[in-house]
Amino acid sequence: MASKDTQNQKGRRLPHFLPGTPDPDQSCVISSSNAGNQVWQPGPRPPSSFLPTVSVVPGLEYLNQLDLIIIHQQVELLGMILGTETSNKYEIKNGLGQRIYFAVEESICFNRTFCSTLRSCTLKITDNSGREVITVNRPLRCNSCWCPCYLQELEIQAPPGTTVAYVAQKWDPFQPKFTIQNADKEDILKIVGPCATCGCFGDVDFEVKTMNEKLTVGKISKYWSGFVNNVFTNADNFGIHVPADLDVTVKAAMIGACFLFDFMFFEHSLAGL
């Protein structure tokens, strides 16, 4: 019995884990690579025998031990040349720059043209084998402090067809505020953005907090990529900093929240200045 307790304690995560801190118990070693090259993360390794068995949503195994998720929007040359709004595409990578997922927006041209950043759409997230693992549904909703009853909302499904979380905008006259909700629409975490999201020559951070806002769990950052990139393209780069042992469905919800922030605050080419 003592041996079994020792094994369980060995597999537990440290309670004081900070976002961005490497996991001291992480046994999976991935060889480093040049983040500038297109590198795919290898398939998830089976759990070590001394770690407790955790039920992970199929397809989200890659998120299980990540404390940093990088989201890179791909540049659409056609949209740059014609000046039209095209469907967004994103690469989702780990901290080593290895691609773990690829996200594609599905929306109709009418919505992109006339509804612009408020458009309804579906983002389908696939792994490197092409299997769809996450679906993010965004309905057409308002984005104004004068319409507090019909603000932005996302539904996150993982696997597709099974709702695991929601991201809902909350009314506030001064700051962007959102909540991450579970499948029953119960608030579990709060996201608080800065009063100004223009990001004048710097990163824009959205802090993820507990509901009483006394503890910061992580953050979603829009990285400033330089004057030229921000003026002439609308391709954005984001980083999601989370505790490595955070529930994978919450990490999936934060990825969805990142997409929502891109649409709401950074979609236009001049937004990142």
query: For the stretch 98-207, list the strands (runs of 3 or more DSSP E) that sit wholly inside it and hold at least 2 residues that are under 23 Å from Val75 (Cα atoms) and open to solvent by less than 50 Å² (accessible area, probe 1.4 Å); which are they?
result: 98-106, 121-127, 132-138
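Considering each of Asn143, Asn128, Asn212 in turn, give the residue that is more than 18 Å from Phe259 (Cα to Cα) and touching a residue at least 60 places away in the same chain (Cβ under 8 Å). Give the steps one after another, and end with the answer.
Numbers: Asn143 fails: more than 18 Å from Phe259 (Cα to Cα); Asn212 fails: touching a residue at least 60 places away in the same chain (Cβ under 8 Å).
Residue meeting the stated conditions: Asn128.
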- prompt: If we keep just the residues of the stretch 138-178 that are at pLDDT 90 or above and acidic (Asp, Glu), which is farthest from Tyr101 (Cα to Cα)?
  reply: Glu153
message: Filter the stretch 179-209 down to the residues that are at pLDDT 95 or above, of a type in the set (S, T, N, Q) and closer than 20 Å to Phe266 by Cα and list them by number.
response: Thr179
field: Pair list, Cβ under 7 Å, 6 or more apart: the stretch 68-92 residue farther than 24 Å from Ser221 by Cβ, other residue at pLDDT below 65 and open to solvent by less than 30 Å² (accessible area, probe 1.4 Å)
entry: Met80/Thr233; Glu85/Gly79; Thr86/Gly79
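The values are calculated or read from the model by the stated rules, or taken from the named source; none is laboratory data. This one's a predicted model, so the numbers in the text were calculated from it and none came from an experiment. Backbone-built Cβ (ideal geometry, glycine too); neighbour counts: all protein chains shown. Heads up: the accessible areas ignore ligands, DNA and RNA and are worked out on the full protein's heavy atoms, side chains in. Shrake-Rupley method; radii C 1.70, N 1.55, O 1.52, S 1.80 Å.
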